[in-house]
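Everything below concerns the one structure shown next.
The values are calculated or read from the model by the stated rules, or taken from the named source; none is laboratory data. Computed from a predicted structure; not experimentally measured. Virtual Cβ from ideal backbone geometry, glycine too; neighbours counted across all protein chains shown. Heads up: the accessible areas ignore ligands, DNA and RNA and are worked out on the full protein's heavy atoms, side chains in. Shrake-Rupley method; radii C 1.70, N 1.55, O 1.52, S 1.80 Å.
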Amino acid sequence: MLVLVDEGSTANLRWATNALTTNGVTRDRSVTVIATVDGGSGTASGVVARSAVTPEGLEPLVRAAEQAARDNGPAEDAQPLVPGDAGSGWADPPGETSPEVFAHIAPALGDAFSRADDERRLLYGYLEHGVRTTYLGSSTGLRARHEQPTGHIGITGKSTDKTRSAWVGQSSRDLTDVDVTALDAELTKRLGWAQRTVELPAGRYDTVLPPTAVADLMIYAYWTMSARDAADGQSVYSAPGGATRVGERLSKHPVSLWSDPAAPGLECAPAVYAHASSTETSVFDNGLPIERTSWIEDGTLRALLQTRSSAGLTGLPTTPAVDNLGLTVDGGTGSVDDLAAGVERGLLLTCLWYIRAVDPQTLLLTGLTRDGVYLVENGEVTGAVNNYRFNESPVALLDRFTAAGATVPTFSREWGDYFPRTAMPALRVPDFNMSSVSQAS
C-alpha cells in the first residue's frame, strides 16, 4: 500500500490594460491511494485519487483502491515497493505562500502601468507563486516529504492599436529575483523594433532562438524519452530490433542535456513521487532516490526515462524522470544579442506555441511563432516580420546549430505552467524551417 498526500497553497495576481484585475489565494488537498494485491499470476495495482478528503473519507478511499487493484489484474510494471523509514521533516506541516510574496513586485507593477500609460502601451499578464508539499507513506515503512516552491510571471505588451505585441516571462522559486522594471524595458525595446514591419515568405532562415524558445522544443524532446517507447520502436530514440539509440552520437557538438534535483535555482524532488504509472514512470518506484542524470553527454545519448520495470526489459540502468531540465554547450558564451550580432540576414524569435508532433520517429514538431519575430540585418534588428508555422525536430537541431550562448535559467512559453524549471542557451540555427506564413497575431 502507498499513500500520497498533496497540500497546495497558491497566490496570484492578474492584470490587463495597465490595471490589476484579479487576485487570490487558494488552498487544495488531494489524497492518492495506491493499493497492491498479490495474486497467483502477479501483483496488481489500483490507484484512486480524490480531493478534499476528510478523515472519515480515508477508509472508503483505501477500499476503493483495493477493489481497483483486484479488478485490474497483474501490473506490467510490478516491482517490490521501495523500503525505508521516516525521513527528515516527515512530521512538519505543509509549506504555505501568501500575498506577502508579491510585496516587492506589486509596487513595481504599478510603476510599469504608469510608464505604459504615458508611452501608449498596454500591459497584460499573470503572476503566480505556489508551494506544494507532498507526503509519501508506504506499507514498507517509507515516510518521505517534499516541499516544492514554484513561481512564474508572464507579461505581454501591446501597442494601443494592438497591432504590435511582445512577451517576456520568468520562472522563480521565491520571486525575489523578479525585476519587473527590467522585464518592462525588454518589452519596450521589442515593441520599438516592431514599429517597422516587413512581410517575408516562408522558407529556411538563419534564426536565433532565445532560451525560452529552446526550452519550448527541448522539453518536448525530454518528455518523449521513454525507454519503453524507444524499445517498442515508437520514438526518435528507437533503434532496429527492439533496441534503443543509447550510446549513439546525436550531435557533432559538445552538447549535454541533463537533469539534476540539486541544480541551484532549479531544485526539485530528489525521489520519485508517482501518482500513476505510464511508460515514463511507475507507482512501484515511489520513494526511489533520484540523482543527476546526463540524458545526452558530449553529443551522445546516454540515458532514457527508465523505471525499474523498463530497465529490466532494456538492460539499461534505472534513470527516473526528474522535474527539471538543462541544456549546456561546451564553449557556449554570450547572450541572445551576441548571437544575433553575427547574423547577416535572418530572424530572431521570441517564443513558440501550439507545438504538436508530426512524426514521432524523427520527432518532427510543428507549431507557430508568437509575440515577435524580428528581422536581423548585419547584426542589427531592423523590424518585425509576420508569424510562421514551423516544422522542425529538436533532436535534429542539436546537430545543426552553428552557435550557442551561455546556459541561463529560462521559462518555456508553451510548457512553463507544467514544467517551469529549465536552463537553456540561445541557439543559432542556419536553416530553421518556416514552412508557411501564419495569419496568427
Next on the checklist: Compute the angle between helix 105-118 and the longest alpha-carbon principal axis of the chain, please, reported from 0 to 90 degrees and rounded to the nearest 10.
Outcome noted: 30 degrees
Checklist entry - What is the spin-label model distance, in nm, from SER114 to TYR418 if the labels are put 7 Å beyond Cα along the C-beta direction? => result 4.1 nm
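Let's see if you can work this out: charge +1 on each Lys and Arg Cβ, -1 on each Asp and Glu Cβ, no other charges. What is the dipole magnitude of the stretch 315-401 about its Cα centre, in debye to the nearest 20? Intermediate values should be presented prior to the final figure.
Numbers: 5 positive and 11 negative charges, 76 e Å.
With only Lys, Arg, Asp and Glu charged at Cβ, the dipole is about 360 debye.
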Checklist entry - Using 0.36 nm per residue, how much length does the chain from TYR354 to ASP92 gain when fully extended, once their Cα-Cα distance is taken away? => result 90.3 nm
Checklist entry - Given a 1.4 Å probe and the protein chains all in place, what does the accessible area of ARG190 round to, in Å² to the nearest 10? => result 20 Å²
Item to check | Rounded to the nearest 10 Å², the accessible area of ARG292 at probe 1.4 Å | outcome: 130 Å²
Checklist outcome for this item: Length gained, ASP28-ASN72, 0.36 nm per residue minus C-alpha separation, equals 12.9 nm
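What's the carbon and sulfur percent of the stretch 303-436's accessible surface, probe 1.4 angstrom, rounded to a whole number?
On the way: 2350 of 4700 Å².
C and S atoms contribute 50 percent here.
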Checklist outcome for this item: Between the Cα axis of helix 211-223 and the main Cα principal axis of the chain, the angle (0 to 90°, nearest 10) is 30 degrees
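Hey, with R₀ at 45 Å, roughly what FRET efficiency would THR163 and THR333 work out to, going by the Cβ-Cβ distance, to 0.05? Walk me through the intermediate numbers first.
Numbers: r = 36 Å, r/R0 = 0.80.
My answer for the efficiency is 0.80.
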Checklist entry - To the nearest 0.05, what FRET efficiency results for HIS104 and THR197 with a Förster distance of 35 Å applied to their C-beta separation? => result 0.45
Next on the checklist: Can you compute 3J(HN,Hα) from phi for each residue in the stretch 161-178, using the Karplus curve 6.51 cos²θ - 1.76 cosθ + 1.60 with θ = phi - 60°, rounded to whole Hz and x for Gly and Pro?
Outcome noted: 8, 6, 8, 10, 8, 8, 9, 9, x, 7, 9, 7, 5, 10, 6, 5, 9, 7
Next on the checklist: Starting from a Cα-only point model with no solvent, please compute log10 I(q)/I(0) by Debye for the stretch 333-380 at q = 0.28 1/Å.
Outcome noted: -0.92
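Can you work out the accessible area per residue across the stretch 352-406, with the rest of the protein chains kept in place, probe 1.4 Å, in square angstrom?
Values: 1900 Å² over 55 residues.
Accessible surface, normalised per residue, equals 35 Å².
Leaving out ligands, DNA and RNA, what percent of the accessible area of the stretch 1-128 is carbon and sulfur, probe 1.4 Å? Please list the in-between numbers first.
Details: 3520 of 6850 Å².
Solvent-exposed carbon and sulfur of the stretch 1-128 make up 51 percent of the total.
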Next on the checklist: Taking the Cα of GLU147, stepping 7 Å toward and past its beta carbon, and measuring to each backbone N in the stretch 271-296: which are under 18 Å?
Outcome noted: 271
Next on the checklist: If I stretch the segment between GLN361 and ASP174 completely, what's the gain in nm (0.36 nm per residue apart, minus their alpha carbon distance), one decimal?
Outcome noted: 63.4 nm
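Tell me the per residue accessible area of the stretch 184-273 using a 1.4 Å probe; a whole number in Å² is fine.
Values: 3430 Å² over 90 residues.
Each residue of the stretch 184-273 exposes 38 Å² on average to a 1.4 Å probe.
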Next on the checklist: Run the simple label-point estimate for GLU248 and ALA341 please: 7 Å along Cα→C-beta, distance reported in nm.
Outcome noted: 3.9 nm
Item to check | For the stretch 1-157, accessible area per residue (1.4 Å probe, heavy atoms of protein chains only), Å² | outcome: 49 Å²
